[in-house]
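Enquirer: Before I ask anything, let me first share the structure, which is written out below as structure tokens.
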Amino acid sequence: SLFVLIALVAVRRHVVRPMQTLANMLEALREGDYSMRGRNIDREDVLGEVMIEVNTLSRTLYDQRLEALEAGTLLQKIIAEVDIAVFAFDAALHLRIVNKAGEQLLGRTSEALQGRSAAELAPDAMLAEPSGRIVSHVFPGGGGRWEVRRRTFREGGKPHELLVIS
């Protein structure tokens with residue numbers, strides 16, 4: 001009976017706890033928390049090897065997320081500063097992103113434009129134009145001949161439309 005009790009304590013310490021830790025780490029990874037790490041790892045143990053791999057995966061995912069955030073921030077800064085109007089619409093053609101040049105062209109702030117439909121903003125007709133086409137149009141911020149560039153992209157698995165007017 002004492003032997004069984006000692007065996008149960010050993011199993012709990014060497015199997016159950018590491019498995020609970022792994023389960024907690026995997027749940028944290030699933031939820032986007034890459035800070036959790038397994039400790040007191042026995043490199044000679046199979047569960048220790050798995051823990052090392054999960055720690056490595058966590059570190060890799062954290063580094064990738066940081067790189068993506070930094071690249072996204074850089075892209076936002078570049079788009080904000082170019083003097084070409086840039087608009088991004090979601091699948092329902094509601095405005096999600098507009099840069100300073102787009103605000104000036106439409107004569108409104110980003111806050112006033114966000115969520116509005118393309119039909120309300122006038123680029124609706126431009127979204128129907130083939131990419132690379134030159135069109136005449138009068139916007140609140142000015143009229144003239146404009147080159148229209150369109151591209152589709154995916155964000156969060158959903159299609160979006162990118163519209164660039166120069």
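Enquirer: Grab the DSSP H runs of the chain that are 4 residues or longer, score each as -39,500 (n - 2.57), total them, divide by all residues and round the 222 nm result to the nearest 500 deg cm²/dmol.
Expert: -15000 deg cm²/dmol
Enquirer: Still on this structure: Show me the ranking of peptides 43-54, 85-96 by mean Cβ neighbours inside 10 Å, starting with the highest.
Expert: 85-96, 43-54
Enquirer: Does the stretch 88-133 classify as rounded, prolate or oblate by the C-alpha gyration tensor (a ≥ b ≥ c root eigenvalues; a/c under 1.5 gives rounded; else a/b over b/c gives prolate, otherwise oblate)?
Expert: Because a/c hits 1.5 or more and a/b fails to exceed b/c, the stretch 88-133 counts as oblate.
Enquirer: Using a 1.4 angstrom probe on heavy atoms only, work out the carbon and sulfur share of the accessible area of the stretch 94-166 in %.
Expert: The computed percentage sits at 50.
Enquirer: Enter the accessible area per residue of the chain (Å², integer; probe 1.4 Å; all protein chains in place).
Expert: Accessible surface, normalised per residue, equals 67 Å².
The values are calculated or read from the model by the stated rules, or taken from the named source; none is laboratory data. Here the structure is a predicted model, which is why all the values come from computation and not from measurement. Note that each Cβ is placed from the backbone with ideal geometry, even for glycine, and that neighbours are counted across all protein chains shown. When the accessible area is computed, the model is the full protein with side chains, heavy atoms only, and any ligands, DNA or RNA have been set aside. Shrake-Rupley method; radii C 1.70, N 1.55, O 1.52, S 1.80 Å.
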